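The values are calculated or read from the model by the stated rules, or taken from the named source; none is laboratory data. What you see is a predicted model, and the numbers here were worked out from it, not measured in a lab. Here Cβ is always computed from backbone atoms with ideal geometry, including for glycine, and neighbour counts include all displayed protein chains. Surface accessibility is based on the protein's heavy atoms, side chains included, excluding ligands, DNA and RNA. Shrake-Rupley method; radii C 1.70, N 1.55, O 1.52, S 1.80 Å.
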Amino acid sequence: MSHPRKLDLESKLSTQLSGIPRSGIRDFFELVIGRSDVISLGVGEPDKPTPWPIREAAIRSLEKGQTSYTSNLGLESLRIGISKYVEEHFRVSYDPKTEILVTVGVSEALDLAFRAVLNPGDEVIFHQPCYVSYGPSITMAYGVPVPVNTRLEDNFALKASDVEKAITSRTKVIALNFPTNPTGAVEPPEELEKIAALCVKHDLLCFTDEIYSELLYDGAKHKSIVEYPGMRERTVLLHGFSKAFAMTGWRLGYACAPAPLREAMMKIHQYCMLCAPIMSQMAGVEALRLGAEAYEGMRQSYEERRNFVVKRLNEMGLHCFNPGGAFYVFPDVSSTGLTGREFALKLLEEQSVAVVPGDAFGPSGELCVRCCYATAPDLLEKAMDGMAAFVAKYRKAGA
Amino acid sequence: MERLLELLKENARLSAGDIATRLGITEAEVAARIAALEKEGVILGYHAVVDREKTDHSGVTAFIEVRITPESGGGFDRFARRVSQYEQVRGCYLMSGAYDLAVVVEGKDLYDVARFVAEKLSTLDVVLSTATHFQLRTYKHDGFMLNTPPTDGPLLVSP
Ligand SMILES: Cc1ncc(COP(=O)(O)O)c(C=O)c1O
């Protein structure tokens with residue numbers, strides 16, 4: 001009898017995957033899992049559940065027995081709602097029939113967009129620190145991630161001059177996300193205009209992740225790159241319901257793009273996803289019908305919490321700019337003599353406060369931590385008290 | 001409603017400093033505005049919102065519908081103010097519809113409330129009729145949900 005050979009599953013895995021490091025968030029998540037004493041500023045989602053009328057719309061649709069597949073594109077009523085909403089918010093119009101695709105979150109839409117356009121070796125420029133899935137999604141689509149660092153001294157805005165330096169003959173896409181996860185950065189219109197001009201000049205596509213576009217503060221109005229001359233025809237606008245409408249668990253998003261791009265994304269989506277869940281789509285119809293009425297109260301409350309957190313962080317000696325959007329602050333913790341990762345680990349250990357190490361969002365976030373302030377005000381206050389005591393201790397130890 | 005009032009309605013224990021930080025104005029401005037609101041009687045008082053079922057309080061609360069004959073000159077006001085004077089009366093509202101006043105009464109027990117209705121309310125000659133409804137269970141009070149079943153908490157870390 002032949003000797004049974006041990007099955008080596010590692011060797012069976014796609015080599016494309018081995019180039020993707022483990023998520024720095026996942027590492028950290030495992031440390032806090034099961035702990036009930038932790039005040040967490042470590043999440044990327046609102047503290048409140050989805051507004052009741054939206055939940056009720058889903059319940060009503062379930063009661064009616066709406067439990068089937070929908071069109072691959074998503075419900076027509078939802079696409080019409082998206083078209084209206086996008087036109088109102090971004091001043092750009094898309095045809096619900098040929099230019100809009102409903103997806104399972106912005107996550108799926110991003111993945112589809114990369115897979116739809118990238119050939120092996122094509123380069124994608126994106127700004128870092130950034131949302132954790134950009135690099136891996138590009139790699140999984142056989143593209144080459146080309147991160148461009150943004151800096152604290154620029155309030156993490158992206159410099160068009162840095163983008164220009166990164167452009168090569170293989171560059172195919174520039175991916176943007178403003179307001180940014182994890183920094184809360186907002187892009188100044190002058191730079192956005194220059195980046196738009198670069199896209200046109202070098203004939204590049206642009207993927208703009210607008211997931212935080214409603215969450216802007218200090219009376220600012222959102223301006224997307226898609227609005228600049230020559231951009232609509234080369235842009236995939238990605239948006240969803242997770243953040244503004246507090247709907248992270250519903251897994252609902254969408255892509256708006258010129259017909260050939262939408263069609264290519266649709267081709268992948270129909271085979272790998274079929275359609276987004278119908279109950280989520282029904283909830284989405286109601287969310288868009290309500291619009292700002294559903295999220296304005298939350299937005300205002302985030303703005304107040306941001307004011308509180310930024311003041312406290314600066315008072316305790318952590319340099320932190322005043323982010324114009326999203327619900328994150330990204331303070332530099334180097335005055336404690338610790339890296340972001342050390343800071344987060346020790347803070348969790350000593351004060352039971354969870355923040356996310358900045359390096360989870362790219363190496364340029366190494367000296368920072370991400371704190372989500374979409375957290376109940378009383379918990380936020382306790383977390384800041386814990387952080388202040390912690391920072392005082394380490395600053396003294398270092399002095 | 002102005003935002004400062006909304007914040008205080010949510011949490012009256014916020015300090016002037018906290019409110020100032022949140023709204024991006026000075027602490028002195030907040031203190032002055034609160035003083036003015038108190039003086040104008042916009043802010044009537046501050047209280048804790050209590051889940052009575054979790055205390056040893058064994059009292060009852062009743063909503064009483066009262067129909068009355070409006071008095072010449074005073075309309076409903078004179079009667080409503082008079083009823084409101086009783087300490088047992090926690091609330092008193094003029095209503096549209098099938099009855100005139102809704103009176104919220106707290107008592108030690110059923111008999112206590114019944115006695116109040118029989119002796120204090122019904123004896124007033126403008127009262128045409130009363131209907132007393134006892135509160136059995138509270139699901140939401142002053143904007144707070146009560147007795148909600150616990151759910152799995154959210155994740156502590158997410159992207
Ligand atoms: C920038 C950014 N894009 C996309 C996502 C994922 O969104 P969705 O829930 O729509 O998949 C997130 C979630 O944290 C995000 O921060």
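Inside region A:278-315, residues that are more than 14 Å from every other protein chain (Cβ to nearest Cβ) and touching a residue at least 60 places away in the same chain (Cβ under 8 Å) make up a count of 17. Can you tell me which residues in region A:317-326 are in contact with a helix residue (DSSP H, G or I) (Cβ under 6 Å, 6 or more places away or on another chain) and either within 14 Å of chain B (Cβ to nearest Cβ) or under 19 Å from A:VAL186 (Cα atoms) (or both)? Residues satisfying the conditions are A:CYS320, A:ASN322. The set of residues from region A:18-29 being outside any loop (DSSP other than H, G, I, E, B) and open to solvent by less than 90 Å² (accessible area, probe 1.4 Å) comprises A:GLY24, A:ILE25, A:ASP27, A:PHE28, A:PHE29.
Region B:13-119 holds strands (runs of 3 or more DSSP E) entirely within its bounds, and those carrying 3 or more residues that are open to solvent by less than 30 Å² (accessible area, probe 1.4 Å) map to B:60-68, B:101-107. Considering A:ALA374, A:ALA383, the condition of being among the small types (Gly, Ala, Ser), assigned to a helix (DSSP H, G or I) and under 29 Å from A:SER213 (Cα atoms) is satisfied by A:ALA383 alone. For the condition of a type in the set (Val, Ile, Thr), in contact (Cβ under 8 Å) with a residue 40 or more places away in the chain and within 14 Å of another protein chain (Cβ to nearest Cβ), A:ILE39 qualifies.
What about A:ALA220, is it within 25 Å of A:TYR328 (Cα to Cα), in a loop (DSSP other than H, G, I, E, B) and open to solvent by less than 30 Å² (accessible area, probe 1.4 Å)? It is false that A:ALA220 is within 25 Å of A:TYR328 (Cα to Cα), in a loop (DSSP other than H, G, I, E, B) and open to solvent by less than 30 Å² (accessible area, probe 1.4 Å).
When A:LEU62 is tested against (1) in a helix (DSSP H, G or I); (2) in contact with a Gly (Cβ under 7 Å, 6 or more places away or on another chain); (3) more than 14 Å from chain B (Cβ to nearest Cβ), only condition (2) is not met.
Taking (1) within 24 Å of A:TYR328 (Cα to Cα); (2) without any contact (Cβ under 8 Å) to a residue 60 or more places away in the chain; (3) open to solvent by 80 Å² or more (accessible area, probe 1.4 Å) in turn, A:LYS12 satisfies each apart from (1). Given the structure, is B:GLY153 modelled with pLDDT of 90 or more and either open to solvent by less than 80 Å² (accessible area, probe 1.4 Å) or not assigned by TED's automatic domain parsing to the domain that holds B:ALA62 (or both)? Taking the combined requirement at face value, the residue does not satisfy it. Against the numbered list (1) in contact (Cβ under 8 Å) with a residue 24 or more places away in the chain; (2) within 14 Å of chain B (Cβ to nearest Cβ), A:ARG26 comes up short only at (1).
For region A:295-347, the set of residues classified as of a type in the set (Asp, Glu) and touching a strand residue (DSSP E or B) at 6+ places or on another chain (Cβ under 8 Å) consists of A:ASP332 only. If you filter region A:109-140 down to residues that are in contact with a Lys or Arg (Cβ under 8 Å, 6 or more places away or on another chain) and within 29 Å of A:SER83 (Cα to Cα), you find that the one that is nearest to the other protein chains (Cβ to nearest Cβ) is A:VAL124.
Summed over region A:357-369, the residues that are open to solvent by less than 60 Å² (accessible area, probe 1.4 Å) and either in contact with a helix residue (DSSP H, G or I) (Cβ under 6 Å, 6 or more places away or on another chain) or assigned by TED's automatic domain parsing to the domain that holds A:ALA157 (or both) give a count of 7.
Within region A:207-225, the set of residues being within 16 Å of the ligand (Cβ to nearest atom) and away from every other protein chain (no Cβ under 14 Å) comprises A:PHE207, A:THR208, A:GLU210, A:SER213, A:GLU214, A:LEU215, A:LEU216, A:HIS222, A:SER224, A:ILE225. Are any residues in region B:140-159 more than 16 Å from the ligand (Cβ to nearest atom) and within 14 Å of chain A (Cβ to nearest Cβ), and if so, which ones? If the condition is that a residue be more than 16 Å from the ligand (Cβ to nearest atom) and within 14 Å of chain A (Cβ to nearest Cβ), then B:LYS140, B:GLY143, B:PHE144, B:MET145, B:THR148, B:PRO149, B:PRO150, B:THR151, B:ASP152, B:GLY153 are the ones that fit.
None of A:ILE54, A:ILE80 is assigned to a helix (DSSP H, G or I), away from chain B (no Cβ under 14 Å), at pLDDT 95 or above and more than 16 Å from the ligand (Cβ to nearest atom) except A:ILE80. Test B:THR123 against the stated conditions and say whether it is outside the structural domain of B:PHE63 (by TED's automatic domain parsing), in a loop (DSSP other than H, G, I, E, B) and not hydrophobic (A, V, I, L, M, F, W, C). No; evaluated as a whole, the condition is false for this residue. If the condition is being open to solvent by 80 Å² or more (accessible area, probe 1.4 Å) and in contact with a helix residue (DSSP H, G or I) (Cβ under 8 Å, 6 or more places away or on another chain), then region A:30-48 contributes A:LEU31, A:LYS48.
In this structure, A:GLU233 does not qualify as modelled with pLDDT of 95 or more and either over 24 Å from A:SER169 (Cα atoms) or assigned to a loop (DSSP other than H, G, I, E, B) (or both).
Taken over region B:1-12, the criterion of being more than 9 Å from chain A (Cβ to nearest Cβ) and open to solvent by less than 30 Å² (accessible area, probe 1.4 Å) is satisfied by B:LEU4, B:LEU5, B:LEU8.
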